[in-house]
Amino acid sequence: MTENSTLVVALTRKLPEGIEKRMAELFDLIAHRHDRAMTRRELQTAVETADVLVPTLSDSIDAELLSHASPRLKLIAQYGAGTDNIDIDAAHRAGITVTNTSNVLNEDTADMTMALILAGQRRLVEGSRQLLSDGAWPGWSPDFMLGKRLSGKKLGILGMGRIGTAVARRARAFGLEIHYHNRSPVSSKTETELAATYWDSLDQMLPKVDILSVNCPYTPATYHLLSRRRLSLMQPEAFLINTARGEIIDEPALIDLLEQGKIGGAGLDVFEAQPTLDPRLVRLAQENRVILLPHMASATREARIDMGEKVIINIRTFMDGHRPPDRILP
Ligand code: DGY
């Protein structure tokens, strides 16, 4: 990046119009004309050409791809919070800085986590589906569509970072008791504010909670963190929510346990082989045992614009020779 030269920035996806317009004013922008993920060949051309690559979670930025990067590629500014699609070590070895868009998705993702908790406990999808298919319902009766009361139930949060904390704040307002497992406890101020109980051992927390929300990042250390053995520790009535990444849960094991009635239900926004679903999950959803969403926990117009703004800030800070605010370390 030489002084006074315009930075060549390659986008792998269409971004919100206003964001692309601003980027085009600031940078020499190579926008992806199609609203689909790039092919491998297109990605390779992008890393061969650009100073900055702006990928999304659907692009696999692995060591093999980076071996094609031209020496001018100096920044990968991910449009997204998770960076599990990027080989961070390989990028650093190649002298490429990686940034993400942290902190602008927390509230929206926490909202969707609550939506899944409510939908699961109060049978929202099932009730709506009955009306749509029958055009009527049997009428009010004392035992019709009974769900579970939220107030007083125990919510376990796996990963008490910013999203986990935002979930806990909302859940408190619904009267849920907060339990959490994290690498280390949150500050005593936050713990007091949330009246939260810290479990050093995930194995010990799992049997205690009625609802479990997965809010940790996906890294090699969290791959199948919820293994078959750990999932088996949950109560048979328990409800599992995942708005983080599919790979954190051993999905075939979860499906087996759901089918065997050893876990009560699940609300899943992310999947191991997404965007394709295991057909057994679809069957469970048809039987109203699980609620499935197409990775939309952070999908608000506001979040997508804020993410674009963050990408711009990261690129400009880097271009000015400073450390970008959302730099990811290996
Ligand atoms: C992220 O940015 O990592 C989110 O999962 C996108 O929805």
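The values are calculated or read from the model by the stated rules, or taken from the named source; none is laboratory data. For clarity, every value in this text was computed on a predicted model and none was experimentally measured. No Cβ is skipped: glycine too gets one built from the backbone with ideal geometry, and neighbour counts run over all protein chains shown.
Here are some notes:
- Residue in segment 279-330 that is farthest from the ligand (Cβ to nearest atom), counting only those that are under 21 Å from Met114 (Cβ atoms) and among the β-branched types (Val, Ile, Thr): Val290
- Residue in segment 262-270 that is within 16 Å of the ligand (Cβ to nearest atom), touching a residue at least 24 places away in the same chain (Cβ under 8 Å), surrounded by fewer than 17 Cβ atoms within 10 Å (Cβ to Cβ) and of a type in the set (Asp, Glu) present: no
- Qualifying residue in segment 45-54 (condition: farther than 25 Å from Ile19 by Cα and either touching a Ser or Thr at 6+ places or on another chain (Cβ under 9 Å) or surrounded by fewer than 22 Cβ atoms within 10 Å (Cβ to Cβ) (or both)): no
- Pair list, Cβ under 8 Å, 6 or more apart: segment 296-310 residue without any contact (Cβ under 8 Å) to a residue 60 or more places away in the chain, other residue among the acidic types (Asp, Glu) and more than 11 Å from the ligand (Cβ to nearest atom): none
- Note on segment 271-308: residues that are assigned to a loop (DSSP other than H, G, I, E, B), of a type in the set (Val, Ile, Thr) and either surrounded by fewer than 16 Cβ atoms within 10 Å (Cβ to Cβ) or at pLDDT below 95 (or both) total 1.
- Residue within segment 11-25 that is more than 13 Å from the ligand (Cβ to nearest atom), in contact with a His (Cβ under 7 Å, 6 or more places away or on another chain), assigned to a strand (DSSP E or B) and farther than 29 Å from Thr165 by Cα present: yes
- First in segment 130-149 and closer than 19 Å to Gly265 by Cα, second anywhere and small (Gly, Ala, Ser) and surrounded by 10 or more Cβ atoms within 10 Å (Cβ to Cβ), Cβ under 7 Å, 6 or more apart: Met145/Gly127
- Segment 199-222, subset touching a His at 6+ places or on another chain (Cβ under 6 Å) and not in a loop (DSSP other than H, G, I, E, B), residue surrounded by the fewest Cβ atoms within 10 Å (Cβ to Cβ): Leu202
- Residue in segment 309-320 that is modelled with pLDDT of 95 or more, within 30 Å of Ala253 (Cβ to Cβ) and assigned to a helix (DSSP H, G or I) present: no
- Odd one out for Ala196, checked against (1) loosely packed, with under 15 Cβ neighbours inside 10 Å; (2) within 28 Å of Glu107 (Cβ to Cβ): (1)
- Contact map, segment 72-84: first residue farther than 17 Å from Val270 by Cβ, second residue away from the ligand (no atom under 13 Å from the Cβ) and among the polar types (S, T, N, Q), Cβ cut-off under 6 Å, separation 6 or more or different chains; pairs are Leu75/Thr97; Ala77/Asn314.
- Tyr180 meets each of the listed conditions (1) surrounded by fewer than 22 Cβ atoms within 10 Å (Cβ to Cβ); (2) touching a Leu at 6+ places or on another chain (Cβ under 9 Å) apart from (1).
- Lone qualifier among Pro325, Pro330 - being under 28 Å from Leu75 (Cα atoms), in contact with a helix residue (DSSP H, G or I) (Cβ under 8 Å, 6 or more places away or on another chain) and modelled with pLDDT under 95: Pro330
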